[in-house]
């Protein structure tokens, strides 16, 4: 039997493998990013629907505001995945995955807005360092360069 730490490490490694395979899938499939995302949404919805039917879970929301929030979050998630696959297709899997992994930059600035917390100087410093690191992966920042376009989509 595996201990808690070993299991956690295994789960992290599996997650990283799946993220990488997602990028490779997006690169190897010759269809537009929006159709890849549509397919993912279809199969995820189907799988979740079957799961909730089997478990007899009631997933109805309680008010109209919840439907609005879920719809907006779904649209944001669809845009996120479309941007990711577009980044993969116009540049490289590495560029897409590195920019995908740079989400803490956005979290640094969105978290204080959403949770009414103070913006910490150390977090801003780390976000700046991460942003500079992301810029370093592109040989030249030129909008005619596919790596730059991939970075912007990512």
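Miscellaneous remarks
- Only one of 36, 31 that is under 27 Å from residue 96 (Cα atoms), surrounded by 10 or more Cβ atoms within 10 Å (Cβ to Cβ), under 24 Å from the mean Cα position of the chain (by Cα) and touching a residue at least 12 places away in the same chain (Cβ under 8 Å): 36
- Segment 64-102: number of residues that are modelled with pLDDT of 90 or more and in a loop (DSSP other than H, G, I, E, B): 2
- Here residue 22 meets each of (1) on the phi > 0 side of the Ramachandran plot; (2) within 22 Å of the chain's Cα centre (by Cα) with one exception, condition (1).
- Any chance residue 90 is touching a residue at least 24 places away in the same chain (Cβ under 8 Å), under 30 Å from residue 140 (Cα atoms) and surrounded by 10 or more Cβ atoms within 10 Å (Cβ to Cβ): yes
- When the test is whether a residue is surrounded by 10 or more Cβ atoms within 10 Å (Cβ to Cβ), in a helix (DSSP H, G or I), on the phi < 0 side of the Ramachandran plot and at pLDDT 95 or above, residue 51 passes it.
The values are calculated or read from the model by the stated rules, or taken from the named source; none is laboratory data. Predicted model, so just to flag it, every value in this text is computed and none were measured. Cβ: placed from backbone, ideal geometry, glycine included. Neighbour counts: every protein chain shown.
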